[in-house]
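Everything below concerns the one structure shown next.
The values are calculated or read from the model by the stated rules, or taken from the named source; none is laboratory data. All of these numbers come straight from a predicted model, not from anything done at the bench. Methodologically, a virtual Cβ is constructed for each residue, glycine included, from the backbone with ideal geometry; neighbour enumeration extends over all protein chains shown. Surface areas here come from the heavy atoms of the whole protein model, side chains and all, with no ligands, DNA or RNA. Shrake-Rupley method; radii C 1.70, N 1.55, O 1.52, S 1.80 Å.
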Amino acid sequence: MCGIACCFKRHGTILKEDFEEMVDIIEHRGPDDRGTFYEGNLAIGHRRLSIIDLSPLGHQPFIYKEKYILSFNGEIYNYIELKESLEKKGYCFRTKTDTEVLVAMYDYYKESCVNKFNGMWSFVLYDRERQILFCSRDRFGVKPFYYWHDDNSFLCASEIKQILKGIGGKPQANIQRLLEFLILGDQDYTDETMFSNVKQLLGGQNLILDLRSFKIDVHKYYDLEKIQQKKIDYRQACLEFQHTFQSSVKLRLRADVPIGYCLSGGLDSSSIVCLADRLLKEKEVCQYSVSSCFEDKNYDEQEYIDEVIKNTNVKPIKVFPTEENLFNKIDKIIWHMDEPFGSTSIYAQWSVFECAKKRGLTVMLDGQGADEQLAGYSGFYSVLFAYYLKKLKLLSLKREIDSYLRLRAGTETHVSNKQIILAALIPLMIPEKLKKRLAKKARYSHLGLPFSEKLLERVMNNREIYPVKDDRKYILDSIRYGMSALLHFEDRDSMAHSIESRVPFLDYRLVEYLLSLPITYKIRNGITKAVLRDGLNKILPDKIRLRYSKLGFVTPEDQWINQNFRYFRKELSEACKSLEPLIERDKILKWFDKNEGKIKRGDFLAWRLICAGRWVKLFDVQISKEN
């Protein structure tokens, strides 16, 4: 796990001092080593966090056969198997790194090499013979890749702040992306960022820059929409899930440094810890888990964390994030994030990795990505109900609604039971023309947001009011609109503390397999993640496996705001001053005052405004209504 940097100028020279700053500004991503490569109008840089083969032979930029120069961030987990296949083709290796395997794979397969990788990556590879820069981001965007180009220059890097350092001047806000964040909480779902003209490769994309013509080609090499549904009975599906998931976890235990776990107490992280513990028992490895906990039982999962610990050989570490420390660290967290973030759960995650760093852990396994694939969100019930209704399986529909009401009523969902059920039925029962009229009438009124109709129109105009309730589309949209942002936070929180975070649920084999299964294998008798629960029935303790409540990775954010209302109002007022060219300060404060002491759990608007206001100040972002 590392950090990359690259600059190419079509005309003129690269200022070495400026490029060296681009490399060193991300020292946190790679404190173990640094390197730069200069050739003509090209500069490539690297910061190294040593994970596999800790020797100096892993130094980057990595030069291979004097033909290729590589700067690589991430891990190719199946590098051992790939290395063996290349050795059979006559390749010899001088290191034990996955870096050398990556570039040797390119030498043999060229751009199609990425299709054979099981891992997470972003890299820039200079091919001297072809005079191109070959850049790639892993299938789901676990590792970041940002770039900027104009008529003369091309820059790419691991973090936006590097790009800003490279181009100089005051950055401009991308107003459309900023508004979508403020009003809807959306971010990271397009190739645009909240900084104008700073782009990112999306997960599953390659970029090729021809250094002679200066033409850029960005194309998708991986597409989940092509995955076909499998015909498999439920029992076999559970066995296959266990086998694939176990293989994923086993691969992600490969490291030459200490490994730990982010343990929330939920089903996903508990599955990883219990399975990894089983795989490591014979090796007698000292294992640690780090958990975010709270004194308020409504936001705390220690009961379930302790159950996992009781059933494994893992040693627990607990951290208790507080509102007092939140504002002492917020600017530092925003600086590492590069962009504002949507809730204080990111601060809780920060606290987990901060604690892991103090314990000396360098690799952490986390449960990110499971909810999107295994129907972990409440919206998936609407998908299931719509599925049965469309097929006129009314008895099955009634059974699932009854089960949902029995198991889920009064649990974690912030959406009423009535809304969950109606969300499935309305799109299928009302005529299209009436649907559009109702959508137009309700487009803004249901939001209850303190923004002008003009701003709401700008953000909401292209949004689906009644999205198609198809389980495959819902999963793909969950990955696009939600998971990409979560992976952004995961990367920055971990790398801020020089820790590599690994996410076993995003092994592409597991993702493809789960996408091939019907929604009825994921929610059965009102129970979510059924194929996981039944597939790991001999691995998970029953208290975890049969748990139906879900907190998510939460903080008592609503309580912090309600109990410290005046302090948060002051923060909100200051944020509005920074955002005032775009929003109406008086309208925002009037809305906040009206909700004094009544901010509800899951209402993140106040936090988004506060965080965005601080982001504007911290990065000296220029806001113009016109751009």
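The residues listed here are GLN368, GLN419; of these, the one that is open to solvent by 10 Å² or more (accessible area, probe 1.4 Å), polar (S, T, N, Q), modelled with pLDDT of 70 or more and on the phi < 0 side of the Ramachandran plot is GLN368.
Being open to solvent by less than 50 Å² (accessible area, probe 1.4 Å), touching a Cys at 6+ places or on another chain (Cβ under 9 Å) and of a type outside the set (S, T, N, Q) is true of LEU540. Filter segment 243-254 down to the residues that are surrounded by fewer than 20 Cβ atoms within 10 Å (Cβ to Cβ) and in contact (Cβ under 8 Å) with a residue 24 or more places away in the chain, then identify the one that is nearest to LEU517 (Cα to Cα). If we take residues in segment 243-254 being surrounded by fewer than 20 Cβ atoms within 10 Å (Cβ to Cβ) and in contact (Cβ under 8 Å) with a residue 24 or more places away in the chain, then THR244 is nearest to LEU517 (Cα to Cα). If the condition is being closer than 24 Å to SER624 by Cα and either open to solvent by 40 Å² or more (accessible area, probe 1.4 Å) or among the aliphatic types (A, V, I, L, M) (or both), then segment 591-610 contributes LEU605, ALA606, LEU609, ILE610.
Residue by residue through segment 565-622, note down the ones that are more than 25 Å from LYS165 (Cα to Cα) and among the hydroxyl-bearing types (Ser, Thr, Tyr). Within segment 565-622, TYR567, SER573 meet the criteria. Pairs linking a residue in segment 570-583 that is without any contact (Cβ under 8 Å) to a residue 24 or more places away in the chain and of a type in the set (Asp, Glu) to a residue that is in a loop (DSSP other than H, G, I, E, B) and open to solvent by less than 20 Å² (accessible area, probe 1.4 Å), with Cβ atoms under 9 Å and 6 or more positions apart or on different chains, do not occur. Under the condition of being open to solvent by 60 Å² or more (accessible area, probe 1.4 Å) and either of a type in the set (Val, Ile, Thr) or under 13 Å from PHE154 (Cβ atoms) (or both), the residues counted in segment 189-211 number 2.
Each residue in segment 548-560 was checked for being open to solvent by 20 Å² or more (accessible area, probe 1.4 Å) and assigned to a loop (DSSP other than H, G, I, E, B), and 7 of them qualify.
Flag set for LYS231, criterion: without any contact (Cβ under 8 Å) to a residue 12 or more places away in the chain, under 30 Å from ARG545 (Cα atoms) and not polar (S, T, N, Q). Scanning segment 550-562 for residues that are touching a residue at least 40 places away in the same chain (Cβ under 8 Å) and either of a type outside the set (D, E, K, R) or under 12 Å from PHE592 (Cα atoms) (or both) gives LEU551, GLY552, PHE553, VAL554, THR555, PRO556, GLN559, TRP560, ILE561. Restricted to segment 224-242, and to residues there that are in a loop (DSSP other than H, G, I, E, B) and exposed (fewer than 10 other Cβ atoms within 10 Å of the Cβ), the residue that is nearest to the chain's Cα centre (by Cα) is GLN228. Going through segment 167-210 one residue at a time, which ones are at positive phi and either in a strand (DSSP E or B) or polar (S, T, N, Q) (or both)? Result: ASN197, single match.
For segment 513-528, filtering for residues that are open to solvent by 10 Å² or more (accessible area, probe 1.4 Å) and either on the phi > 0 side of the Ramachandran plot or under 18 Å from the mean Cα position of the chain (by Cα) (or both) leaves 1. If you go through segment 561-584 and keep only what is among the acidic types (Asp, Glu) and not in a helix (DSSP H, G or I), you end up with GLU580, GLU584. When segment 489-505 is filtered for residues that are in a helix (DSSP H, G or I) and open to solvent by 10 Å² or more (accessible area, probe 1.4 Å), only PHE489 remains. Per this entry, ALA173 is not counted among residues that are more than 30 Å from GLU453 (Cβ to Cβ), of a type in the set (Gly, Ala, Ser) and open to solvent by less than 10 Å² (accessible area, probe 1.4 Å). Counting only strands (runs of 3 or more DSSP E) that sit completely within segment 37-142, those holding 1 or more residues that are in contact with a Gly (Cβ under 8 Å, 6 or more places away or on another chain), surrounded by 22 or more Cβ atoms within 10 Å (Cβ to Cβ) and touching a residue at least 24 places away in the same chain (Cβ under 8 Å) correspond to 42-48, 68-76, 119-127, 132-137.
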